[in-house]
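All remarks here apply to the structure that follows.
Any read-out appearing in this document is the output of simple, stated calculations on the displayed coordinates, not a laboratory observation. Predicted model, so just to flag it, every value in this text is computed and none were measured. No Cβ is skipped: glycine too gets one built from the backbone with ideal geometry, and neighbour counts run over all protein chains shown.
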Amino acid sequence: MLKKRKNLDLALNCSVCSSVFDDQRIILVGERENGTIFHATCQKCLTSALIFLSQTEQGMMSIGMVTDMNGVEVRDIFGKKAIDADDVLEIYRITHNKKTVFG
């Protein structure tokens with residue numbers, strides 16, 4: 001984790017105000033062999049971001065994305081099963097069945 005923490009330092013500037021994220025406002029969301037996901041909140045402008053770090057053959061790659069979710073919400077979502085085609089079809093069936101309250 002220490003090596004990943006050093007690599008994280010490279011990607012820890014707020015994309016809105018350019019402040020450096022405070023360590024106390026960074027949450028580890030998930031970790032896999034090829035990448036790590038963090039949630040960070042800027043102490044200056046309160047913007048939250050998801051930061052994806054991945055080691056590639058060319059070096060460390062980082063992608064940041066502004067979000068309105070807090071760290072707890074992000075952990076909950078990343079721990080769940082992804083929506084698949086069957087889920088979408090089930091919702092369609094439920095909402096288009098005239099015998100339901102949606103009809």
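In the range 52-84, which residue that is within 15 Å of the chain's Cα centre (by Cα) and of a type in the set (S, T, N, Q) is surrounded by the fewest Cβ atoms within 10 Å (Cβ to Cβ)?
70
Would you pick out the residues in the range 30-49 that are assigned to a strand (DSSP E or B) and crowded, with 18+ Cβ neighbours inside 10 Å?
The first filter runs over the range 30-49 and keeps only residues assigned to a strand (DSSP E or B), leaving 30-32, 35-41, 48-49.
Those that are assigned to a strand (DSSP E or B) and crowded, with 18+ Cβ neighbours inside 10 Å: 36, 37, 38, 39, 40, 41, 48, 49.
Quick check on my filter: what residues within the range 22-80 are closer than 13 Å to residue 12 by Cβ, touching a residue at least 12 places away in the same chain (Cβ under 8 Å) and among the acidic types (Asp, Glu)?
Correct list: 22 only.
Please go through the range 53-73 and give me each residue that is more than 20 Å from residue 19 (Cβ to Cβ) and outside any loop (DSSP other than H, G, I, E, B), ordered by number.
Scanning the range 53-73 gives 54, 55, 56, 59, 60, 61, 72, 73.
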